[in-house]
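The values are calculated or read from the model by the stated rules, or taken from the named source; none is laboratory data. This structure is a prediction, so every number in the text was calculated from the model and none was measured. Using ideal geometry, Cβ is built from the backbone for each residue, glycine included, and neighbour counts are taken over all protein chains shown. Accessible surface is based on the protein model in full, side chains and every heavy atom, while ligands, DNA and RNA are left aside. Shrake-Rupley method; radii C 1.70, N 1.55, O 1.52, S 1.80 Å.
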Amino acid sequence: MLKQNLQFKLSQKLSPQQIQLMKLIQLPTQAFEQRLKEELVENPALEGGQEEEEMYEKDEFDNNDEYDDYEGSDNIEAEDINIDEYLSDDETPDYKLQSNNYSDDDEERDTPYAAQTSFHQDLINQLNTFILSDEQREIAEFLVGSIDDDGYLRRSIQDIVDDMAFTQGIYTDEKTVEKILHVVHELEPSGVGARDLQECLLLQLKHKTPTESVDLAIDIIENQFDAFTKKHYDKLLQKYGISQDQLKKTIHEIEKLNPKPGGSFAGNSRVTENIVPDFAIRIVDGELELTLNGRNAPTLHVSKDYQDMLRTYKDSRDKSHQQKDAVQFIKQKLDSAKWFIDAIRQRQETLFVTMNAIMHFQQEYFLDGEETSLKPMILKDIADMVGLDISTVSRVANSKYVDTPYGTKLIKEFFSEAMKNDQGEDVSTLEIKKILQNVIEDEDKSKPLPDDQLAEILKEKGYPIARRTIAKYREQLDIPVARMRKKI
(Lines give C-alpha, C1' and ligand atoms only; values in the text may rest on other atoms or scores of the structure.)
Protein backbone atom coordinates (compact mmCIF):
# COMPACT_ATOMS: atom_id res chain seq x y z
CA MET A 1 0.00 0.00 0.00
CA LEU A 2 2.87 2.33 0.88
CA LYS A 3 4.52 1.59 -2.46
CA GLN A 4 1.33 2.42 -4.36
CA ASN A 5 0.96 5.75 -2.52
CA LEU A 6 4.59 6.62 -3.28
CA GLN A 7 4.13 5.84 -6.96
CA PHE A 8 0.97 7.99 -7.07
CA LYS A 9 2.79 10.95 -5.52
CA LEU A 10 5.63 10.62 -8.00
CA SER A 11 3.20 10.53 -10.90
CA GLN A 12 1.78 13.87 -9.77
CA LYS A 13 5.17 15.58 -9.95
CA LEU A 14 5.22 18.54 -12.33
CA SER A 15 7.77 18.81 -15.09
CA PRO A 16 10.19 21.78 -15.02
CA GLN A 17 8.31 23.33 -17.95
CA GLN A 18 4.94 23.00 -16.17
CA ILE A 19 6.43 24.67 -13.12
CA GLN A 20 7.76 27.52 -15.28
CA LEU A 21 4.32 27.94 -16.87
CA MET A 22 2.68 28.13 -13.44
CA LYS A 23 5.19 30.80 -12.42
CA LEU A 24 4.43 32.79 -15.58
CA ILE A 25 0.69 32.60 -14.92
CA GLN A 26 1.20 33.88 -11.39
CA LEU A 27 3.11 36.99 -12.49
CA PRO A 28 1.16 40.30 -12.71
CA THR A 29 1.76 42.56 -15.71
CA GLN A 30 4.83 44.48 -14.47
CA ALA A 31 6.61 41.39 -13.14
CA PHE A 32 5.78 39.55 -16.38
CA GLU A 33 7.39 42.33 -18.42
CA GLN A 34 10.55 42.05 -16.33
CA ARG A 35 10.59 38.27 -16.78
CA LEU A 36 10.17 38.75 -20.54
CA LYS A 37 13.13 41.15 -20.71
CA GLU A 38 15.29 38.65 -18.83
CA GLU A 39 14.36 35.85 -21.24
CA LEU A 40 15.11 38.02 -24.28
CA VAL A 41 18.58 38.78 -22.90
CA GLU A 42 19.31 35.20 -21.83
CA ASN A 43 18.10 33.51 -25.02
CA PRO A 44 19.44 35.06 -28.26
CA ALA A 45 17.23 32.67 -30.26
CA LEU A 46 14.16 34.58 -28.99
CA GLU A 47 13.41 37.94 -30.58
CA GLY A 48 10.75 40.61 -30.13
CA GLY A 49 8.65 42.15 -32.89
CA GLN A 50 7.34 40.76 -36.16
CA GLU A 51 9.44 38.51 -38.37
CA GLU A 52 10.76 40.21 -41.47
CA GLU A 53 9.60 37.34 -43.67
CA GLU A 54 6.55 35.16 -43.05
CA MET A 55 7.95 32.14 -44.88
CA TYR A 56 8.63 29.73 -42.05
CA GLU A 57 5.31 28.03 -41.50
CA LYS A 58 7.09 24.77 -40.73
CA ASP A 59 9.13 24.61 -37.53
CA GLU A 60 12.71 24.42 -38.75
CA PHE A 61 13.72 23.23 -35.30
CA ASP A 62 11.21 20.42 -34.94
CA ASN A 63 12.50 17.66 -32.69
CA ASN A 64 12.18 15.09 -35.51
CA ASP A 65 14.32 16.93 -38.05
CA GLU A 66 17.24 15.24 -39.81
CA TYR A 67 19.92 17.16 -37.94
CA ASP A 68 19.14 15.16 -34.81
CA ASP A 69 21.02 12.23 -36.36
CA TYR A 70 24.75 12.47 -35.82
CA GLU A 71 26.35 9.50 -37.52
CA GLY A 72 30.11 9.27 -37.75
CA SER A 73 32.68 11.17 -35.77
CA ASP A 74 35.19 12.34 -38.36
CA ASN A 75 37.10 15.43 -37.19
CA ILE A 76 36.65 17.58 -40.26
CA GLU A 77 37.35 21.28 -40.61
CA ALA A 78 33.90 22.15 -42.01
CA GLU A 79 33.69 25.71 -43.35
CA ASP A 80 29.99 25.74 -44.15
CA ILE A 81 29.15 27.45 -40.86
CA ASN A 82 30.92 29.69 -38.39
CA ILE A 83 29.51 28.91 -34.95
CA ASP A 84 31.28 31.82 -33.23
CA GLU A 85 29.72 34.26 -35.65
CA TYR A 86 26.23 33.15 -34.72
CA LEU A 87 26.93 33.06 -30.99
CA SER A 88 28.38 36.58 -30.89
CA ASP A 89 26.03 39.23 -29.49
CA ASP A 90 28.26 42.08 -30.62
CA GLU A 91 26.51 42.43 -33.97
CA THR A 92 23.00 42.00 -32.57
CA PRO A 93 20.95 45.20 -33.03
CA ASP A 94 19.46 46.64 -29.82
CA TYR A 95 15.92 46.36 -31.15
CA LYS A 96 16.24 42.58 -31.25
CA LEU A 97 16.80 42.50 -27.50
CA GLN A 98 13.68 44.52 -26.77
CA SER A 99 10.08 43.36 -26.67
CA ASN A 100 7.00 44.83 -28.25
CA ASN A 101 4.92 44.67 -25.08
CA TYR A 102 2.09 46.98 -26.00
CA SER A 103 -0.98 46.69 -28.14
CA ASP A 104 -1.75 49.46 -30.64
CA ASP A 105 -4.23 50.99 -28.21
CA ASP A 106 -1.77 51.24 -25.34
CA GLU A 107 0.15 54.42 -24.77
CA GLU A 108 3.84 54.01 -24.06
CA ARG A 109 4.47 56.06 -20.97
CA ASP A 110 7.48 56.48 -18.72
CA THR A 111 6.61 57.26 -15.14
CA PRO A 112 8.54 60.39 -14.12
CA TYR A 113 10.20 60.41 -10.72
CA ALA A 114 11.24 63.66 -9.09
CA ALA A 115 14.76 63.78 -7.70
CA GLN A 116 13.64 64.50 -4.15
CA THR A 117 15.74 64.74 -1.03
CA SER A 118 15.39 61.66 1.17
CA PHE A 119 13.72 61.87 4.58
CA HIS A 120 16.96 61.36 6.49
CA GLN A 121 18.97 63.71 4.27
CA ASP A 122 16.39 66.44 4.83
CA LEU A 123 16.77 66.04 8.60
CA ILE A 124 20.56 66.27 8.31
CA ASN A 125 20.23 69.39 6.16
CA GLN A 126 18.10 70.98 8.88
CA LEU A 127 20.89 70.41 11.40
CA ASN A 128 22.92 73.04 9.51
CA THR A 129 20.65 75.71 11.02
CA PHE A 130 21.86 74.84 14.54
CA ILE A 131 25.15 75.93 16.09
CA LEU A 132 26.81 72.64 17.07
CA SER A 133 30.36 71.55 17.82
CA ASP A 134 31.90 68.82 15.65
CA GLU A 135 31.24 66.21 18.35
CA GLN A 136 27.64 67.37 18.81
CA ARG A 137 27.04 67.27 15.05
CA GLU A 138 28.40 63.72 14.82
CA ILE A 139 26.05 62.63 17.61
CA ALA A 140 23.10 64.45 16.02
CA GLU A 141 23.74 62.85 12.62
CA PHE A 142 24.03 59.42 14.25
CA LEU A 143 20.68 59.97 16.00
CA VAL A 144 19.07 61.04 12.73
CA GLY A 145 20.45 57.91 11.05
CA SER A 146 18.86 55.79 13.77
CA ILE A 147 15.36 57.20 13.13
CA ASP A 148 13.06 54.79 11.26
CA ASP A 149 10.84 55.65 8.28
CA ASP A 150 7.88 56.39 10.58
CA GLY A 151 9.95 59.07 12.30
CA TYR A 152 10.62 57.20 15.57
CA LEU A 153 13.85 56.56 17.47
CA ARG A 154 13.12 53.02 18.67
CA ARG A 155 16.53 52.30 20.23
CA SER A 156 17.47 53.03 23.83
CA ILE A 157 19.92 55.85 24.54
CA GLN A 158 22.33 53.36 26.15
CA ASP A 159 22.34 51.23 22.95
CA ILE A 160 23.09 54.33 20.89
CA VAL A 161 25.95 55.33 23.19
CA ASP A 162 27.47 51.84 22.92
CA ASP A 163 26.93 51.66 19.15
CA MET A 164 28.65 55.02 18.55
CA ALA A 165 31.65 53.88 20.60
CA PHE A 166 32.01 50.52 18.81
CA THR A 167 31.23 51.56 15.23
CA GLN A 168 32.15 55.26 15.02
CA GLY A 169 34.80 55.71 17.70
CA ILE A 170 32.63 58.43 19.28
CA TYR A 171 32.85 58.21 23.06
CA THR A 172 30.09 60.02 24.94
CA ASP A 173 27.49 59.43 27.66
CA GLU A 174 23.71 59.17 27.94
CA LYS A 175 23.32 62.70 29.35
CA THR A 176 25.08 64.24 26.33
CA VAL A 177 23.05 62.16 23.85
CA GLU A 178 19.80 63.13 25.62
CA LYS A 179 20.79 66.80 25.26
CA ILE A 180 21.45 66.41 21.51
CA LEU A 181 18.18 64.48 21.13
CA HIS A 182 16.36 67.65 22.25
CA VAL A 183 17.92 69.37 19.22
CA VAL A 184 16.64 66.56 16.94
CA HIS A 185 13.18 67.07 18.45
CA GLU A 186 13.22 70.61 17.08
CA LEU A 187 13.44 69.35 13.49
CA GLU A 188 10.51 69.15 11.09
CA PRO A 189 8.16 67.38 10.73
CA SER A 190 7.16 67.97 14.32
CA GLY A 191 7.30 64.81 16.42
CA VAL A 192 10.30 63.29 14.65
CA GLY A 193 12.79 61.48 16.90
CA ALA A 194 10.15 60.48 19.45
CA ARG A 195 10.71 57.22 21.29
CA ASP A 196 7.05 56.26 21.56
CA LEU A 197 3.60 57.48 20.55
CA GLN A 198 3.08 59.44 23.78
CA GLU A 199 6.28 61.44 23.28
CA CYS A 200 5.46 61.92 19.58
CA LEU A 201 2.08 63.49 20.38
CA LEU A 202 3.55 65.64 23.14
CA LEU A 203 6.28 67.02 20.85
CA GLN A 204 3.67 68.02 18.29
CA LEU A 205 1.38 69.62 20.88
CA LYS A 206 4.26 71.63 22.39
CA HIS A 207 5.03 73.03 18.92
CA LYS A 208 1.49 74.38 18.63
CA THR A 209 0.37 77.86 19.62
CA PRO A 210 -0.81 77.61 23.26
CA THR A 211 -4.61 77.65 23.69
CA GLU A 212 -6.93 76.28 26.35
CA SER A 213 -7.53 73.11 24.30
CA VAL A 214 -3.83 72.62 23.51
CA ASP A 215 -2.78 73.08 27.14
CA LEU A 216 -5.44 70.60 28.28
CA ALA A 217 -4.35 68.15 25.55
CA ILE A 218 -0.75 68.34 26.78
CA ASP A 219 -1.88 67.61 30.34
CA ILE A 220 -4.03 64.65 29.23
CA ILE A 221 -1.30 63.07 27.07
CA GLU A 222 1.35 63.68 29.72
CA ASN A 223 -0.60 62.54 32.79
CA GLN A 224 -3.71 60.62 31.63
CA PHE A 225 -2.45 58.86 28.52
CA ASP A 226 -3.80 55.43 29.52
CA ALA A 227 -7.29 56.78 30.20
CA PHE A 228 -7.23 58.66 26.89
CA THR A 229 -6.16 55.64 24.78
CA LYS A 230 -8.82 53.47 26.43
CA LYS A 231 -11.42 56.22 25.85
CA HIS A 232 -12.42 56.47 29.49
CA TYR A 233 -14.00 59.86 28.83
CA ASP A 234 -16.11 59.86 32.01
CA LYS A 235 -12.91 59.57 34.04
CA LEU A 236 -11.36 62.51 32.18
CA LEU A 237 -14.48 64.68 32.64
CA GLN A 238 -14.41 63.98 36.37
CA LYS A 239 -10.63 64.43 36.68
CA TYR A 240 -10.51 67.88 35.02
CA GLY A 241 -14.00 69.11 35.92
CA ILE A 242 -14.71 70.21 32.35
CA SER A 243 -17.75 70.08 30.09
CA GLN A 244 -18.26 67.53 27.33
CA ASP A 245 -17.84 70.30 24.76
CA GLN A 246 -14.43 71.28 26.20
CA LEU A 247 -13.27 67.65 26.17
CA LYS A 248 -14.56 67.22 22.62
CA LYS A 249 -12.50 70.21 21.41
CA THR A 250 -9.43 68.89 23.21
CA ILE A 251 -9.78 65.40 21.70
CA HIS A 252 -10.25 66.97 18.28
CA GLU A 253 -6.95 68.82 18.81
CA ILE A 254 -5.20 65.51 19.52
CA GLU A 255 -6.85 63.72 16.57
CA LYS A 256 -5.32 66.28 14.21
CA LEU A 257 -1.80 65.15 15.19
CA ASN A 258 0.25 62.76 13.04
CA PRO A 259 1.16 59.47 14.76
CA LYS A 260 3.76 58.74 12.03
CA PRO A 261 5.53 62.04 11.26
CA GLY A 262 8.11 60.37 9.00
CA GLY A 263 5.43 58.81 6.82
CA SER A 264 4.08 62.19 5.73
CA PHE A 265 7.40 63.31 4.25
CA ALA A 266 6.99 63.70 0.48
CA GLY A 267 10.59 62.71 -0.21
CA ASN A 268 10.56 59.56 1.90
CA SER A 269 12.78 56.90 0.38
CA ARG A 270 10.13 54.21 0.56
CA VAL A 271 8.95 53.04 -2.85
CA THR A 272 5.32 53.49 -3.79
CA GLU A 273 4.16 50.64 -5.98
CA ASN A 274 2.14 51.58 -9.04
CA ILE A 275 -0.71 49.15 -9.65
CA VAL A 276 -1.05 48.20 -13.30
CA PRO A 277 -4.43 46.55 -14.00
CA ASP A 278 -4.04 43.21 -15.77
CA PHE A 279 -7.60 43.35 -17.13
CA ALA A 280 -10.22 45.97 -17.91
CA ILE A 281 -14.00 45.53 -17.80
CA ARG A 282 -16.23 48.05 -19.54
CA ILE A 283 -19.99 48.28 -20.06
CA VAL A 284 -20.75 48.68 -23.77
CA ASP A 285 -24.44 48.97 -24.79
CA GLY A 286 -25.47 47.29 -21.55
CA GLU A 287 -23.08 44.37 -22.07
CA LEU A 288 -19.84 43.58 -20.27
CA GLU A 289 -16.65 43.71 -22.31
CA LEU A 290 -13.39 42.20 -21.04
CA THR A 291 -9.91 43.04 -22.33
CA LEU A 292 -6.49 41.79 -21.28
CA ASN A 293 -3.81 44.44 -20.83
CA GLY A 294 -1.92 44.50 -24.15
CA ARG A 295 1.39 44.43 -22.28
CA ASN A 296 0.65 40.75 -21.53
CA ALA A 297 0.58 39.91 -25.25
CA PRO A 298 4.03 40.69 -26.65
CA THR A 299 4.91 39.90 -30.27
CA LEU A 300 7.76 37.39 -30.28
CA HIS A 301 9.36 35.09 -32.83
CA VAL A 302 12.20 32.64 -33.14
CA SER A 303 15.45 34.01 -34.56
CA LYS A 304 15.76 33.52 -38.33
CA ASP A 305 19.54 33.58 -38.01
CA TYR A 306 19.49 30.59 -35.69
CA GLN A 307 17.15 28.70 -38.00
CA ASP A 308 19.40 29.47 -40.98
CA MET A 309 22.37 28.19 -39.07
CA LEU A 310 20.72 24.84 -38.40
CA ARG A 311 19.59 24.55 -42.02
CA THR A 312 23.14 25.24 -43.21
CA TYR A 313 24.52 22.61 -40.88
CA LYS A 314 21.88 20.08 -41.95
CA ASP A 315 22.86 20.55 -45.59
CA SER A 316 26.59 20.06 -44.93
CA ARG A 317 27.90 16.52 -45.48
CA ASP A 318 30.68 16.54 -42.90
CA LYS A 319 30.17 17.39 -39.26
CA SER A 320 32.90 17.71 -36.65
CA HIS A 321 32.33 16.69 -33.04
CA GLN A 322 32.88 20.31 -31.93
CA GLN A 323 30.23 21.58 -34.32
CA LYS A 324 27.79 18.88 -33.23
CA ASP A 325 28.06 20.10 -29.63
CA ALA A 326 27.61 23.72 -30.71
CA VAL A 327 24.58 22.93 -32.83
CA GLN A 328 23.04 20.94 -29.98
CA PHE A 329 23.39 24.03 -27.83
CA ILE A 330 21.77 26.22 -30.50
CA LYS A 331 18.97 23.73 -31.03
CA GLN A 332 18.32 23.81 -27.29
CA LYS A 333 18.05 27.60 -27.46
CA LEU A 334 15.61 27.34 -30.36
CA ASP A 335 13.48 24.78 -28.53
CA SER A 336 13.53 26.97 -25.45
CA ALA A 337 12.43 30.00 -27.49
CA LYS A 338 9.61 28.02 -29.10
CA TRP A 339 8.46 26.77 -25.70
CA PHE A 340 8.57 30.27 -24.18
CA ILE A 341 6.43 31.70 -27.00
CA ASP A 342 3.94 28.86 -26.55
CA ALA A 343 3.96 29.35 -22.75
CA ILE A 344 3.14 33.05 -23.15
CA ARG A 345 0.23 32.12 -25.44
CA GLN A 346 -1.02 29.61 -22.84
CA ARG A 347 -0.63 32.27 -20.14
CA GLN A 348 -2.72 34.74 -22.15
CA GLU A 349 -5.46 32.17 -22.72
CA THR A 350 -5.47 31.08 -19.07
CA LEU A 351 -5.69 34.66 -17.78
CA PHE A 352 -8.47 35.59 -20.20
CA VAL A 353 -10.71 32.54 -19.76
CA THR A 354 -10.36 32.70 -15.97
CA MET A 355 -11.22 36.40 -15.73
CA ASN A 356 -14.00 35.96 -18.28
CA ALA A 357 -15.58 33.26 -16.10
CA ILE A 358 -15.29 35.48 -13.00
CA MET A 359 -16.87 38.38 -14.91
CA HIS A 360 -19.87 36.31 -15.98
CA PHE A 361 -20.24 34.71 -12.55
CA GLN A 362 -20.37 38.17 -10.95
CA GLN A 363 -22.21 39.83 -13.87
CA GLU A 364 -24.75 41.55 -11.64
CA TYR A 365 -22.01 43.26 -9.62
CA PHE A 366 -20.02 44.40 -12.67
CA LEU A 367 -23.19 45.93 -14.14
CA ASP A 368 -24.35 47.89 -11.08
CA GLY A 369 -21.25 48.16 -8.83
CA GLU A 370 -23.18 47.28 -5.66
CA GLU A 371 -21.02 45.13 -3.37
CA THR A 372 -24.16 43.49 -2.01
CA SER A 373 -24.67 42.09 -5.54
CA LEU A 374 -21.55 39.92 -5.23
CA LYS A 375 -22.49 36.25 -5.21
CA PRO A 376 -20.80 33.62 -3.09
CA MET A 377 -17.91 32.37 -5.22
CA ILE A 378 -15.07 30.01 -4.39
CA LEU A 379 -12.08 28.94 -6.48
CA LYS A 380 -13.71 25.62 -7.33
CA ASP A 381 -16.67 27.39 -8.95
CA ILE A 382 -14.41 29.08 -11.50
CA ALA A 383 -12.11 26.04 -11.87
CA ASP A 384 -15.13 23.90 -12.82
CA MET A 385 -16.35 26.52 -15.32
CA VAL A 386 -13.07 26.76 -17.23
CA GLY A 387 -11.74 23.24 -16.70
CA LEU A 388 -8.58 24.34 -14.91
CA ASP A 389 -7.00 23.26 -11.67
CA ILE A 390 -7.99 25.19 -8.52
CA SER A 391 -4.33 26.14 -7.91
CA THR A 392 -4.17 27.71 -11.39
CA VAL A 393 -7.27 29.83 -10.73
CA SER A 394 -5.73 30.84 -7.40
CA ARG A 395 -2.55 32.01 -9.16
CA VAL A 396 -4.59 34.23 -11.46
CA ALA A 397 -6.78 35.66 -8.69
CA ASN A 398 -4.18 36.30 -5.98
CA SER A 399 -1.87 38.67 -7.84
CA LYS A 400 -3.95 40.31 -10.58
CA TYR A 401 -5.99 43.51 -10.71
CA VAL A 402 -8.96 44.43 -12.91
CA ASP A 403 -9.93 47.96 -13.88
CA THR A 404 -13.72 48.30 -13.55
CA PRO A 405 -16.14 51.24 -13.87
CA TYR A 406 -16.06 51.30 -10.05
CA GLY A 407 -12.30 51.42 -9.57
CA THR A 408 -9.32 49.05 -9.76
CA LYS A 409 -9.97 45.86 -7.77
CA LEU A 410 -7.83 42.94 -6.63
CA ILE A 411 -9.47 39.91 -8.21
CA LYS A 412 -9.25 37.69 -5.15
CA GLU A 413 -11.54 40.11 -3.32
CA PHE A 414 -14.46 38.88 -5.46
CA PHE A 415 -14.19 35.44 -3.88
CA SER A 416 -16.15 34.63 -0.74
CA GLU A 417 -17.83 31.73 0.97
CA ALA A 418 -21.60 31.32 1.24
CA MET A 419 -23.82 31.65 4.31
CA LYS A 420 -27.52 31.03 4.63
CA ASN A 421 -29.98 33.85 5.30
CA ASP A 422 -33.19 33.35 7.25
CA GLN A 423 -34.90 32.17 4.06
CA GLY A 424 -32.32 29.45 3.45
CA GLU A 425 -30.75 31.23 0.49
CA ASP A 426 -26.99 31.34 -0.07
CA VAL A 427 -25.58 34.84 0.41
CA SER A 428 -21.99 36.02 0.12
CA THR A 429 -19.98 36.71 3.25
CA LEU A 430 -18.91 39.89 1.43
CA GLU A 431 -22.54 41.02 1.40
CA ILE A 432 -22.84 40.35 5.14
CA LYS A 433 -19.60 42.23 5.87
CA LYS A 434 -20.84 45.21 3.86
CA ILE A 435 -24.10 45.30 5.81
CA LEU A 436 -22.17 44.96 9.09
CA GLN A 437 -19.94 47.86 8.05
CA ASN A 438 -22.97 50.01 7.20
CA VAL A 439 -24.59 49.26 10.58
CA ILE A 440 -21.41 50.27 12.44
CA GLU A 441 -21.03 53.45 10.36
CA ASP A 442 -24.60 54.48 11.23
CA GLU A 443 -24.37 53.69 14.97
CA ASP A 444 -24.46 56.36 17.69
CA LYS A 445 -20.74 56.86 18.34
CA SER A 446 -21.42 58.02 21.88
CA LYS A 447 -22.87 54.54 22.51
CA PRO A 448 -21.21 52.12 20.05
CA LEU A 449 -22.88 48.76 19.55
CA PRO A 450 -21.19 45.72 21.13
CA ASP A 451 -20.90 42.51 19.10
CA ASP A 452 -23.95 40.83 20.66
CA GLN A 453 -26.17 43.79 19.70
CA LEU A 454 -24.68 43.81 16.19
CA ALA A 455 -25.56 40.13 15.91
CA GLU A 456 -29.17 40.91 16.92
CA ILE A 457 -29.44 43.71 14.32
CA LEU A 458 -28.13 41.49 11.51
CA LYS A 459 -30.52 38.76 12.62
CA GLU A 460 -33.39 41.24 12.28
CA LYS A 461 -32.14 42.04 8.77
CA GLY A 462 -32.36 38.36 7.85
CA TYR A 463 -28.81 37.20 8.59
CA PRO A 464 -28.70 34.86 11.63
CA ILE A 465 -25.02 35.09 12.62
CA ALA A 466 -23.37 34.20 15.92
CA ARG A 467 -21.64 36.87 17.99
CA ARG A 468 -18.21 35.23 17.50
CA THR A 469 -18.74 35.39 13.71
CA ILE A 470 -19.57 39.10 14.02
CA ALA A 471 -16.30 39.58 15.93
CA LYS A 472 -14.37 37.71 13.21
CA TYR A 473 -15.88 39.79 10.39
CA ARG A 474 -15.31 43.01 12.34
CA GLU A 475 -11.62 42.16 12.79
CA GLN A 476 -11.30 41.30 9.08
CA LEU A 477 -12.74 44.76 8.31
CA ASP A 478 -10.17 46.35 10.71
CA ILE A 479 -13.00 47.73 12.87
CA PRO A 480 -12.12 47.99 16.59
CA VAL A 481 -14.32 46.86 19.48
CA ALA A 482 -17.21 49.07 20.62
CA ARG A 483 -15.25 50.80 23.41
CA MET A 484 -12.55 51.93 20.97
CA ARG A 485 -15.16 53.32 18.55
CA LYS A 486 -16.60 55.63 21.18
CA LYS A 487 -16.65 59.35 20.47
CA ILE A 488 -17.73 62.10 22.78
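Sparse packing (at most 16 other Cβ atoms within 10 Å of the Cβ) combined with a DSSP loop state is found for the following trypsin sites (Lys or Arg not before Pro) in region 292-386: Arg317. Remark: the Asp442-Gln244 segment gains 69.1 nm on full extension, using 0.36 nm per residue and subtracting the alpha carbon distance. The fraction of accessible area contributed by carbon and sulfur in region 138-297 is 48 percent, rounded to a whole number (1.4 Å probe; ligands and nucleic acids excluded). Charge tally for Arg154 (other residues, Cβ to Cβ under 15 Å; Lys, Arg +1; Asp, Glu -1): -4. Counting Cα-Cα pairs of region 401-485 in 10 Å increments starting at 0 gives whole-percent bin shares of 16, 46, 28, 11.
Counting Lys and Arg as +1 and Asp and Glu as -1, what is the net charge of the other residues whose Cβ lies under 11 Å from the Cβ of Lys486?
Values: positive: Lys230, Lys231, Lys445, Lys447, Arg483, Arg485, Lys487; negative: Asp234, Glu443, Asp444.
With Lys, Arg at +1 and Asp, Glu at -1, the net is +4.
Residue pairs exceeding 25 angstrom between C-alpha atoms, taken from Lys231/Lys459; Lys231/Lys461; Lys459/Lys486; Lys249/Lys461: Lys231/Lys459; Lys231/Lys461; Lys249/Lys461. Per residue, region 116-269 exposes 54 Å² of solvent-accessible protein surface, assessed with a 1.4 angstrom probe and all protein chains in place.
In a simple Cβ point-charge model (Lys, Arg +1; Asp, Glu -1; nothing else charged), region 408-463 has a dipole of about 260 debye relative to its Cα centre.
Which of the lysines could a cross-linker bridge to Lys412, judged by Cα under 26 Å and excluding same-chain residues fewer than eight apart? Lys412 reaches Lys23, Lys375, Lys380, Lys400, Lys420, Lys433, Lys434, Lys472.
Distances between placed amide hydrogens fall under 5 Å for Ala194 paired with Leu153, all partners being 5 or more residues away or on another chain.
Compute the signed sum of charges (Lys and Arg +1, Asp and Glu -1) over the other residues within less than 12 Å, Cβ to Cβ, of Pro189.
Value of the local net charge: -3.
In a fully extended conformation the segment linking Gln224 and Lys324 would gain 27.7 nm over its present Cα-Cα distance, using 0.36 nm per residue. Amide hydrogen proximity for Thr299: with H placed 1.01 Å from N in the peptide plane, the residues at 5 or more positions away or on another chain lying under 5 Å are Gly49, Asn100.
Based on the Stokes-Einstein relation at 10 °C and a viscosity of 1.306 mPa s, and on the Kirkwood radius from alpha carbon pairs, region 134-284 is assigned a translational diffusion coefficient of 88 µm²/s.
Can you tell me how much longer the chain between Ser373 and Lys206 gets when fully stretched, taken as 0.36 nm per residue apart minus their C-alpha distance, in nm with one decimal?
Length gained, Ser373 through Lys206: 55.1 nm.
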